[in-house]
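In what follows, a single structure is set out as structure tokens and then discussed.
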Amino acid sequence: MKVTDRTEFFRRLKAVMPEPKTELDYSSPFELLIAVILSAQATDVGVNRATRKLYPVANTPQAIFDLGEEGLKSYIRTIGLYNTKAENIIKTCRILLDQHGGEVPRDRKSLEALPGVGRKTANVVLNTAFGEPTIAVDTHIFRVSNRTGLAPGKTPLQVELKLLKVVPDEFKLDAHHWLILHGRYTCKARKPNCPECIVRDLCRFRDKTVL
Ligand code: SF4
């Protein structure tokens, strides 16, 4: 995709979504971190349903640590992989308390050292909680980047590094949200809604759907 097309691509997404936000509910970096850990292979709606009950009871590393694994499981049982997630979250809370004064660290290395936190989760936290221009490549972003020709790559890391190179600086902070929302609601996995897509003329996908 040409540089001018890339700029136009994001200009249009911004025009329809001026202030894109994550669809996960949270009110602190810690709540966001836990929600993102829970969201692996789960829907944001499902995670929000669980955290809506959990956070009024426990929304700090100490409070969740005090719940213990079994106590935490009773709130997240409806979410896939909840056993592993509960174990990781309790270990993460322990590390936050022991090594970070109960705060979520603002650097990638420390974030990725937390159990249950990989590069994608670290990117989401750095971007959404701390305003860093990182791009977390999930399944939606991976698909949209490849289909459109915006940032083709064989792995999420390849796509991430390409996006960091090609997304104009002025759009970098919110690029990850625009691409997720575009992928979730328009450029869907099974049947992209090409006829109503606002970037249709810029997109390089060969098999665009028709009405
Ligand atoms: S035209 Fe179709 S394939 Fe291209 S971005 Fe839009 S919805 Fe996706």
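The values are calculated or read from the model by the stated rules, or taken from the named source; none is laboratory data. On a predicted model such as this, the values are computed, not experimentally measured, just so you know. When we count neighbours, we look across all protein chains shown, and the Cβ atoms used for this are built from the backbone with ideal geometry, even at glycine. Each accessible area value is taken on the protein alone, full model and side chains, heavy atoms only, with ligands, DNA and RNA left out. Shrake-Rupley method; radii C 1.70, N 1.55, O 1.52, S 1.80 Å.
Quick look at the numbers
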quantity: Which numbered condition residue 136 fails, given (1) more than 16 Å from the ligand (Cβ to nearest atom); (2) surrounded by fewer than 21 Cβ atoms within 10 Å (Cβ to Cβ); (3) at pLDDT below 95; calculated: (2)
quantity: 1 or more residues open to solvent by less than 50 Å² (accessible area, probe 1.4 Å) and touching a Gly at 6+ places or on another chain (Cβ under 6 Å): qualifying helices (runs of 4 or more DSSP H) within the range 54-133; calculated: 61-76, 82-99
quantity: Failed criterion for residue 145 (all others in (1) under 20 Å from residue 38 (Cα atoms); (2) under 21 Å from the mean Cα position of the chain (by Cα) hold); calculated: (1)
quantity: Residues that are in a helix (DSSP H, G or I) and surrounded by fewer than 21 Cβ atoms within 10 Å (Cβ to Cβ), drawn from the range 38-49; calculated: 44, 45, 46, 48, 49
quantity: Pairs where the first residue, in the range 190-201, is in contact (Cβ under 8 Å) with a residue 40 or more places away in the chain and within 14 Å of residue 140 (Cα to Cα) and the second is more than 6 Å from the ligand (Cβ to nearest atom) and part of a loop (DSSP other than H, G, I, E, B), C-beta under 6 Å, 6+ apart; calculated: 192/209
quantity: From the options 23, 19, 31, residue that is assigned to a helix (DSSP H, G or I) and acidic (Asp, Glu); calculated: 31
quantity: Residue ID - nearest to residue 204 (Cα to Cα), chosen from residues in the range 146-162 that are assigned to a helix (DSSP H, G or I) and open to solvent by 60 Å² or more (accessible area, probe 1.4 Å); calculated: 162
quantity: Candidates 81, 54, 24, filtered to the one that is in contact (Cβ under 8 Å) with a residue 40 or more places away in the chain and closer than 26 Å to residue 180 by Cβ; calculated: 81
quantity: Cross-chain or 6+ apart pairs with Cβ under 6 Å, the range 104-117 first and of a type in the set (Lys, Arg), then open to solvent by 30 Å² or more (accessible area, probe 1.4 Å); calculated: 106/130
quantity: Top-ranked residue in the range 184-194 [being open to solvent by 50 Å² or more (accessible area, probe 1.4 Å) and not in a loop (DSSP other than H, G, I, E, B); ranked as farthest from the ligand (Cβ to nearest atom)]; calculated: 184
quantity: Conditions (1) of a type in the set (A, V, I, L, M); (2) within 12 Å of the ligand (Cβ to nearest atom); (3) in a helix (DSSP H, G or I); number of the one not met by residue 175; calculated: (2)
quantity: Test for residue 170: is it buried (at least 21 other Cβ atoms within 10 Å of the Cβ), out of contact with any helix residue (DSSP H, G or I) (no Cβ under 7 Å at 6 or more places or on another chain), part of a helix (DSSP H, G or I) and acidic (Asp, Glu); calculated: no
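Each row is one residue, and each column tells you yes or no for (1) out of contact with any helix residue (DSSP H, G or I) (no Cβ under 9 Å at 6 or more places or on another chain); (2) at pLDDT 95 or above.
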| residue | (1), (2) |
| --- | --- |
| 31 | no, yes |
| 41 | yes, no |
| 46 | no, yes |
| 49 | yes, yes |
| 70 | no, yes |
| 77 | no, yes |
| 85 | no, yes |
